[in-house]
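Colleague: This is the structure, below, for whatever I ask next.
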Amino acid sequence: MARNAVTTFCSVLILVFLNAQLTSGQVLEKLIGTNRVDTEFVPDDAFAGLAIFPKSLAEDPDFDLLPREILTAWGKKELGFDPMLIKQATFVLNKMEQFDQLPQWAAILHFEEMQGLAGGLINRLEEKKVGGKVVFSGKSQGTPSFLIYDEATMFVGDEALFDEMITSKRQGRLAGLMKQASLKGDLVAFVDLKSVRPMLNQAVEMLPTMLPPAVGDLKQLPNMIDAIELGISMDGRVKTEVVMHSADSEVASEATEIIRSSVEFGLEFGIGVLAAQMDFNDPVQESFVEYAQRVGEEFKSQLQPKLNGKRMSLSLDQELAVVPIIVGLALPAVQQSRTSARRVASMNNLRQLNLAASNYHSIHDHFPTQASYDKNGRPLLSWRVHILPFIEEIELYEKFRLDEPWDSQHNRKLIAQMPPFFNSPLVASESGKTVYLGVAGKGMMFNGQEKIALRQVLDGLSNTVFLVEVSPDRAVEWTRPLDYRVNPNNPLDGLGQVNLGGFIVALADGSVSFIDNNIDPESWLKLLTRAGGEIVSPYDR
C-alpha cells in the first residue's frame, strides 16, 4: 500500500508538469537555474532517471491552480510529511539481471529541513540503524524503505540500493548522460539503453515472429540506440522532443529509416483501429475518422526523424488545447498496444510455469501430478503449489501444510499470497485466483495421480497442450486441485475470453503459442491428448 502511495504521489506530480503552461526556459531558470540535472546519489549502475521540483512549483504564481491543499493533506495523512516542501526529488531505476525482473528503484528527496515519517506509513515500517544512518524498513513485501541521510535528505525505495547511492561516484553511464543533457523542458527523462541491452534483447526474442516489416524492424533498435533523452516543454503549446544516440553515424542512419517507416505505419495502424470501431453510416462517427486522418497527416509531417551524425531526433509541437482530443483519438491504438504488451507478459508467465514443471521433471523423472493426495486418494494441494520451489518460492512452499487440503484453516490463509506468475496481467480476477490451468483428463498431461513422463507423450511434445489460459469465469484458487477439462460437445467452451481473438497455451516442449478462436474444434481436441496418435500442429485451423 505504501508503495502504491508513493507511486500515486509521483504520478500526480508528473501530471502537474504535463498540464502546466510555463516555458521551458522559465522552468529551468526557476527550478534548477541550469541545463544540467543534479546527479547526486545517482547509482553507478542506474539506467533511467527523472528529477522534479515540488516546492518550486508550489511557490510559483504561474501554478496557482496546483492542488496544493490536496497534495499536502494527502502527504501528511499517508506519509507524515508535506510533499510540497520537497525541493527536489530525483527518481532512479537500477539495472536488473533479467528483463522479467522488476528493477530496483529509489528516490532522493531534498527538503529545506527534514520532516519525520508518520501517518499511515509509519505503522508499516520497522526502525533500525545501518552504518550510523536511521533506516525504516518495510515490514511487508512491496512496502518501500526509508533512510534519513542528513538533516535535509531522505532516500525512499529499495533498501538494497541505498548503499550504492551513498557510495556513488557519479561516474556511471546514466549520470554522464544526465550531466551532458542536450534537451531542455518542463519534464526531462533519461534512459541508458546500452547498459540494459541484454535484457531488451531477451524481451525482443519473446515478441511474435510474424510482424509487419515496419514493426518487425523495430526489434533491431535495442542494438542500434545507446541512449534516449525525452523533453516536454509547454507555453500554451506542448512541444515534445526525443533525442537518440547511436555508436556511429552509419548505425544512426539505418535506425533513422526504421523509425521513419515505423512512425508512418503506427499512425496508419492507429487510424485503422479507430475506423474499425466507427459506423460509417453515422456522419458524426465518419467525421471522427476524417479528423483522425487530418491529424495523422500533420503528425506524419512533424514526426520525421532528423539525423545529425550519431544523433537522431524527433519532435512534435501542438497546441495545448487540442492535446486531450488527440489523446482521445489515440486511445484505441494505445489500448491495442497495451493489450499486446500484456499478452506478451501473460505468455511469459505460462513459459515460466512450463519451465518450472520441466525442472520438476528433471528432479523426479516425471511431471507433477495434478495434485498431492492423502492415503484415501483425496486431492490436497494443486500441482501449482508443488512447483513453487522451481519458481524461487521455496519460502512460500514451506509455509504450506502438505498433509492438509487446500481449503484447510491453515492453507486457506496462503491463497492471498499467490505468486505473480499465476496472475494474468489481462484479467482483473479475484485475489488468489488464476486462469492458468493444466489440461486434465484421461490421456491428457494431467490425470489424477498418474505420473506422466516425457516418454509417454507419444504425439510429440510440440503437438501436445500442457497448460491453457481459460476464461475469467473459469478461474480457480491457485492452490485448489482443479484444472481445465474439455467439454467434448463444445471443445472451445471456457476459452478465448481473455485475449482478443484467441487464447494462450503452453506446449509440452516448453514453448508457448497463441491459439486462434477459429481453430477447428476437432483439431483442438487432438492437441489435448498426449498419445492419441493424432499429429496436429497448434497452428492448424
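Bear in mind these aren't lab numbers, they're just calculated from the coordinates by the rules spelled out. None of these values were measured; they are calculated from a predicted model. Ideal geometry is used to build each Cβ from the backbone, glycine not excepted, and the neighbour counts take in all protein chains shown.
Colleague: I'd like the FRET efficiency for Gln302 and Lys179, computed as 1/(1 + (r/R0)^6) with the beta carbon distance as r and R0 of 30 Å, rounded to 0.05. Before the final figure, lay out each step's value.
Modeller: Details: r = 29 Å, r/R0 = 0.98.
The formula returns an efficiency of 0.55 here.
Colleague: Could you name the lysines in cross-link range of Lys184, using Cα to Cα under 24 Å and dropping any fewer than eight places away on the same chain?
Modeller: Lys30, Lys55, Lys87, Lys194, Lys239, Lys300, Lys306, Lys310
Colleague: Then there's this: With 10 angstrom as the radius, rank Ile271, Ile108 by how many other C-beta atoms surround their C-beta, starting from the fewest.
Modeller: Details: Ile271 20, Ile108 23.
Going from sparsest to densest Cβ surroundings: Ile271, Ile108.
Colleague: Taking other Cβ within 10 Å of each residue's Cβ, how do Phe280, Phe190 sort, fewest first?
Modeller: Details: Phe280 9, Phe190 27.
If I rank by nearby Cβ atoms, fewest first, I get Phe280, Phe190.
Colleague: Right, another one. Return Leu467, Leu187 ranked ascending by Cβ neighbour count within 10 Å, so the fewest neighbours appear first. If you can, show how the numbers build up before the last one.
Modeller: Working: Leu467 26, Leu187 21.
Neighbour counts put them in this order, fewest first: Leu187, Leu467.
Colleague: Between Ala247 and residues 5 or more places away or on another chain, which pairs have amide H atoms under 5 Å apart, with H built 1.01 Å from N, and which residues are they?
Modeller: Asp226
Colleague: Count charges around Met84 for me, please; just the other residues with Cβ under 12 Å from its Cβ, Lys/Arg as +1, Asp/Glu as -1. Could you put the intermediate results ahead of the total?
Modeller: Numbers: positive: Lys55, Arg68, Lys76, Lys87; negative: Glu59, Asp60, Glu69, Asp82, Glu112.
Spelling it out: positives minus negatives among the neighbours equals -1.
Colleague: Summing +1 for each Lys or Arg and -1 for each Asp or Glu, what net charge is found among the other residues whose Cβ lies under 12 Å from the Cβ of Arg260? Numbers along the way, then the final one.
Modeller: Details: positive: Lys300, Lys306; negative: Asp217, Glu254, Glu257, Glu264.
Summing Lys and Arg as +1 and Asp and Glu as -1 gives -2.
Colleague: Here is a further query. What ³J(HN,Hα) values, in whole Hz, does the Karplus curve 6.51 cos²θ - 1.76 cosθ + 1.60 give for region 483-488 when θ = phi - 60°, with x put for Gly and Pro?
Modeller: Whole-Hz 3J(HN,Hα) from phi for region 483-488: 9, 7, 10, 6, 8, x.
Colleague: Expressed in nm to one decimal, what extension gain is obtained for the pair Val134 and Asp64 from 0.36 nm per residue of sequence separation less their Cα-Cα distance?
Modeller: On the way: separation 70, 0.36 × 70 = 25.20 nm, distance 3.64 nm.
Working it through step by step, the gained length comes to 21.6 nm.
Colleague: Where does the charge balance sit around Thr464 when Lys and Arg score +1, Asp and Glu -1, over other residues with C-beta under 9 Å from its C-beta? Mind dumping the intermediate values first?
Modeller: Details: positive: Arg530; negative: Asp459, Asp509.
Its environment carries a net charge of -1.
Colleague: Kindly state, to the nearest 0.05, the FRET efficiency for Ser511 paired with Arg455, given R0 = 22 Å and r defined as their beta-carbon distance. If you can, show how the numbers build up before the last one.
Modeller: On the way: r = 19 Å, r/R0 = 0.86.
According to the calculation, E is roughly 0.70.
Colleague: Could you list which residues have their amide H under 5 Å from that of Val476, counting only those 5 or more apart in sequence or on another chain, with H placed in the peptide plane?
Modeller: Hits under the 5 Å cutoff: Thr434.
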